[in-house]
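Everything on this sheet refers to the single structure shown next.
The values are calculated or read from the model by the stated rules, or taken from the named source; none is laboratory data. Every value quoted in this text rests on a predicted model; they were computed, and no experiment measured them. Virtual Cβ from ideal backbone geometry, glycine too; neighbours counted across all protein chains shown.
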Amino acid sequence: MNMMRSVELGAHSEVPTLSVVRKKIPVPTRGQVLVKVAVSPLNPADVMFTQGRYILQKPLPVIPGMVAAGDVVESGGGLAANYLKGKRVCCASLDEGDGPWSEYILTDALRCFPLSSSVSFELGCNLLANPTTAWALMDIVAQGGHAALVLNAAAGELGSFVRRIAALRGLPVINIVRTDEQKLSLLRDGCKYVLDSTGPTFPDQLVQHCNDLQATIALDAVAGEEGVQLMHCLPKGSEIVVYGRLSGQPLSFDGLEVLASNGIRISGFSVLDWFERQSIIKKYFVLRQVQTLVVRNNNRLAQRQVGLSALVENFAEYSVNTSQGKTLIYPWRS
């Protein structure tokens, strides 16, 4: 049997054109592996990709999805690929290739990493997304010698990983959310500094907290108006790392005022680009650390567990409010 079931994206839109199709199982070449996908998550970045709003674009039609976990069933040859054959792995899709919303995915061996026995496919499927992003962002915070940080979109899974790493390093986090419900949830979880960005006193509160805690870096997943607010609330000479655009809006600002007068430094961040630049030793070190992190942080239940057909039929519903629990995709379910 050389065919597989996959979700195919035919057109970008707010309600993207998705369908379940049968495609030929790809054959790995040297340095590549074929992974039998066990689980793949639905992340906010996946939603943005299907809508045509993500930084990474691919020719259509294409199989969506960015990360997954599964078993390496074929090697195209080469030391790394042969080493991985038969192993349980987390993996990321190729920049120019199909994603893992499919029974199988073809990817580079260097984009696959073995899972420890304590990490289930459910925990491991998102390893190269949120946990690694959190670790890398906190690496930037550490390298900059910052005493505290600002984190927006703080109610999501990535925010929980950032807070756990920050707590281990003794760094205060100013959490920014968008609803009273999210604020109360974080306060119940023990967060000390939580601000609702929709409140009338939000800018003043953020300025006060930043000054009190000497928070000189912000991790911005939202961009748009909220990102601009950060520029005006952070102390002079602060840094903003933009790693998402959940608002769907660009980051538009007066460059002379923000960059020259306020001395704000702005940089962009992509976890896969960052990961590609690391040595193989550091990659394995990071993956060991984040596997320990996900096991300890295993308190966020999957909101849904769905097969490919259910994903296509209910995508509009599943793509909303992803911070309330992950939708996990099981390609082998009917």
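Looking for whichever is modelled with pLDDT under 95, of a type outside the set (A, V, I, L, M) and under 28 Å from VAL295 (Cα atoms) here; the options are TYR243, TYR193. Which one fits?
After applying the criteria, what remains is TYR243.
In the range 69-102, how many residues are surrounded by fewer than 20 Cβ atoms within 10 Å (Cβ to Cβ) and of a type outside the set (Lys, Arg)?
Of the residues in that region, 15 qualify.
Being of a type in the set (A, V, I, L, M, F, W, C) and out of contact with any strand residue (DSSP E or B) (no Cβ under 8 Å at 6 or more places or on another chain) narrows it down to one of MET3, MET48, MET66, so name that one.
MET48
May I ask you to list pairs of residues, at least six apart or on different chains, whose Cβ atoms are under 8 Å apart, with the first in the range 194-218 being at positive phi and the second being among the small types (Gly, Ala, Ser) and surrounded by fewer than 19 Cβ atoms within 10 Å (Cβ to Cβ)?
GLN214/ALA147
Given the conditions (1) aliphatic (A, V, I, L, M); (2) surrounded by fewer than 19 Cβ atoms within 10 Å (Cβ to Cβ); (3) at pLDDT below 95, report the number of the one that LEU184 does not fulfil.
(3)
Based on this model, can you work out whether LEU308 counts as more than 28 Å from THR216 (Cβ to Cβ) and surrounded by 14 or more Cβ atoms within 10 Å (Cβ to Cβ)?
For LEU308, the condition - more than 28 Å from THR216 (Cβ to Cβ) and surrounded by 14 or more Cβ atoms within 10 Å (Cβ to Cβ) - is met.
Looking at VAL242, VAL222, which one is within 24 Å of THR132 (Cβ to Cβ), of a type in the set (A, V, I, L, M, F, W, C) and surrounded by fewer than 21 Cβ atoms within 10 Å (Cβ to Cβ)?
Sole residue among the options that is within 24 Å of THR132 (Cβ to Cβ), of a type in the set (A, V, I, L, M, F, W, C) and surrounded by fewer than 21 Cβ atoms within 10 Å (Cβ to Cβ): VAL242.
Looking at (1) closer than 19 Å to SER279 by Cα; (2) charged (D, E, K, R); (3) in contact with a strand residue (DSSP E or B) (Cβ under 6 Å, 6 or more places away or on another chain), which one does GLU103 not meet, given that it meets all the others?
Just one mismatch for GLU103, condition (1).
So if I check each of LEU110, LEU94, LEU79, which one is touching a residue at least 40 places away in the same chain (Cβ under 8 Å), out of contact with any His (no Cβ under 7 Å at 6 or more places or on another chain) and in the same structural domain as GLY307 (by TED's automatic domain parsing)?
LEU110
Yes or no: ARG163 assigned by TED's automatic domain parsing to the domain that holds PHE202, within 29 Å of HIS232 (Cβ to Cβ), within 18 Å of the chain's Cα centre (by Cα) and basic (Lys, Arg)?
Yes; evaluated as a whole, the condition is true for this residue.
I'd like to check something: does the range 22-43 contain any residue that is under 25 Å from ASP273 (Cα atoms), assigned to a helix (DSSP H, G or I) and either touching a strand residue (DSSP E or B) at 6+ places or on another chain (Cβ under 9 Å) or not assigned by TED's automatic domain parsing to the domain that holds GLY244 (or both)?
No, there is no match, as no residue in the range 22-43 is under 25 Å from ASP273 (Cα atoms), assigned to a helix (DSSP H, G or I) and either touching a strand residue (DSSP E or B) at 6+ places or on another chain (Cβ under 9 Å) or not assigned by TED's automatic domain parsing to the domain that holds GLY244 (or both).
Assess whether GLU103 counts as being acidic (Asp, Glu) and either over 21 Å from the mean Cα position of the chain (by Cα) or not assigned by TED's automatic domain parsing to the domain that holds GLY10 (or both).
yes
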